[in-house]
Amino acid sequence: MTPIISAFDLKNLTENLVILDARAGKDAYHNYLIKHIKEARFIDLDKDLAEIGEDAAFGGRHPLPNIKKFGETISLLGISENSHIVVYDDKNGSNAASRTWWMLKSFGLKNVQVLDGGIQIAEKEGLKFSSGEETFQKSELLKTKNWLLPISSL
């Protein structure tokens with residue numbers, strides 16, 4: 001599976017599809033509530049994809065969260081081993097979406113892709129959009145003991 005998917009190809013996916021809105025910044029969740037790709041679930045860069053400490057000098061701005069905590073996040077988002085996950089942001093896949101892709105792959109999930117062109121292309125290509133919170137089922141807790149690093153192992 002290639003790491004990038006086009007909006008055209010996303011339109012044709014249905015089986016086990018989980019779409020993640022990974023837009024970042026102080027208004028990211030608010031922007032998600034206003035408008036997102038239909039059935040997308042919001043994933044927060046600061047809360048879900050990092051474990052930010054008191055001092056950024058130790059661990060950086062977005063250090064990896066505890067792997068158990070990340071597994072719980074994946075479960076709450078309804079992601080299973082069979083999910084086909086497509087992640088997007090509003091920076092053309094160059095920031096939070098690519099980090100999300102990397103973390104999900106490093107957790108051991110196989111079917112993960114980033115939407116080429118992000119939310120802007122999705123809108124241009126006529127994907128369906130909605131607003132507000134999406135409802136979905138929590139999945140069984142996935143467990144892994146360690147991050148699969150380095151990236152060359154993915």
Open item on the list: For the stretch 127-154, give me the residue count where each residue is modelled with pLDDT under 95 and outside any loop (DSSP other than H, G, I, E, B).
Closed with: 3
Task: Matching entry among Lys91, Lys69 (being farther than 22 Å from Asn12 by Cα, at pLDDT 90 or above and of a type outside the set (Phe, Trp, Tyr)) - done: Lys69
Open item on the list: Please go through the stretch 40-64 and give me each residue that is over 26 Å from His84 (Cβ atoms) and either modelled with pLDDT of 90 or more or not in a loop (DSSP other than H, G, I, E, B) (or both), ordered by number.
Closed with: none
Open item on the list: Against the condition acidic (Asp, Glu), closer than 20 Å to Pro65 by Cβ and over 17 Å from the mean Cα position of the chain (by Cα), how does Glu123 come out, does it pass?
Closed with: no
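Each row is one residue, and each column tells you yes or no for (1) among the small types (Gly, Ala, Ser); (2) within 17 Å of Tyr32 (Cα to Cα).
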{"site": "Thr100", "(1), (2)": "no, yes"}
{"site": "Lys105", "(1), (2)": "no, no"}
{"site": "Leu109", "(1), (2)": "no, no"}
{"site": "Val112", "(1), (2)": "no, no"}
{"site": "Ile121", "(1), (2)": "no, yes"}
{"site": "Glu125", "(1), (2)": "no, no"}
{"site": "Gly132", "(1), (2)": "yes, yes"}
{"site": "Phe136", "(1), (2)": "no, yes"}
Open item on the list: For the stretch 91-135, give me each residue that is polar (S, T, N, Q) and either buried (at least 19 other Cβ atoms within 10 Å of the Cβ) or out of contact with any Lys or Arg (no Cβ under 8 Å at 6 or more places or on another chain) (or both).
Closed with: Asn92, Ser94, Asn95, Ser98, Thr100, Ser106, Asn111, Gln113, Gln120, Thr135
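Residue-by-condition table, conditions (1) charged (D, E, K, R); (2) under 16 Å from Val18 (Cα atoms):
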{"residue": "Pro65", "(1), (2)": "no, no"}
{"residue": "Glu81", "(1), (2)": "yes, yes"}
{"residue": "Gln120", "(1), (2)": "no, no"}
{"residue": "Thr135", "(1), (2)": "no, yes"}
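The values are calculated or read from the model by the stated rules, or taken from the named source; none is laboratory data. Here the structure is a predicted model, which is why all the values come from computation and not from measurement. Positions of Cβ are backbone-derived with ideal geometry, glycine not excepted, and every protein chain shown enters the neighbour counts.
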